[in-house]
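Report on the structure given below.
The values are calculated or read from the model by the stated rules, or taken from the named source; none is laboratory data. Quantities reported herein were computed from a predicted structural model and do not represent experimental measurements. All Cβ positions, even for glycine, are placed from backbone atoms using ideal geometry, and neighbour counts span all protein chains on display.
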Amino acid sequence: MPIDETPMPDAGLEHNVAFQMASIIFRLDQILRDTILRQLDLTYIHFRVLQYLYEKDGQKIGEIATAIVVRQPVLSRVIDQMEERALVRRRPDPEDSRRMRVYLTDHGRARFREAWPPAHDLLETALKGFKASEHEALRRLLKKMAGNIFH
């Protein structure tokens, strides 16, 4: 059976926004891992958990998994690692003792505060040359795109 060679509209990589976004994210991840995260003995997923809890401490594992887009069983193992490194601690939910919530430790909070400035500088480098209005438009469009696929 012959392969259909009909050109597919918008199939090129320059038109594939998801491919471009993934490439950017993977490169940022790679740079972070090769620099500050390695120095702090953190993985990229550790960094993402720390960042989320830094803003929204005391969350359930399922809520964290949804927010950082990681499967819950994978995140449970990551939280185990992070507890061993004294970055987070689990405590029973005050409203339902059968459920656990995850909290940053002082050590975890300090690690995030060490990792964030270089991570922020990397993001600023990625946005170099953007006008404030373009930066805001990008943020707004990404939020809209996320709303389309997460809701």
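Please verify whether F112 is among the aromatic types (F, W, Y), within 16 Å of the chain's Cα centre (by Cα) and exposed (fewer than 13 other Cβ atoms within 10 Å of the Cβ), treating the condition exactly as stated. It is false that F112 is among the aromatic types (F, W, Y), within 16 Å of the chain's Cα centre (by Cα) and exposed (fewer than 13 other Cβ atoms within 10 Å of the Cβ). Quick one: in the range 53-82, of everything that is among the charged types (D, E, K, R) and more than 16 Å from the chain's Cα centre (by Cα), which residue is farthest from L42 (Cα to Cα)? Looking at residues that are among the charged types (D, E, K, R) and more than 16 Å from the chain's Cα centre (by Cα), I get K60.
Comparison of V78, V88 shows that the only residue that is at pLDDT 95 or above and under 24 Å from I31 (Cα atoms) is V78. Just one of the numbered conditions (1) touching a strand residue (DSSP E or B) at 6+ places or on another chain (Cβ under 8 Å); (2) at pLDDT 95 or above is not true of R113: (1).
Determine, yes or no, whether P73 is loosely packed, with under 11 Cβ neighbours inside 10 Å, under 24 Å from L104 (Cβ atoms) and either at pLDDT 95 or above or not polar (S, T, N, Q) (or both). If you could, list the steps in order and put the result at the bottom.
Values: loosely packed, with under 11 Cβ neighbours inside 10 Å: yes; under 24 Å from L104 (Cβ atoms): yes; either at pLDDT 95 or above or not polar (S, T, N, Q) (or both): yes.
For P73, the condition - loosely packed, with under 11 Cβ neighbours inside 10 Å, under 24 Å from L104 (Cβ atoms) and either at pLDDT 95 or above or not polar (S, T, N, Q) (or both) - is met.
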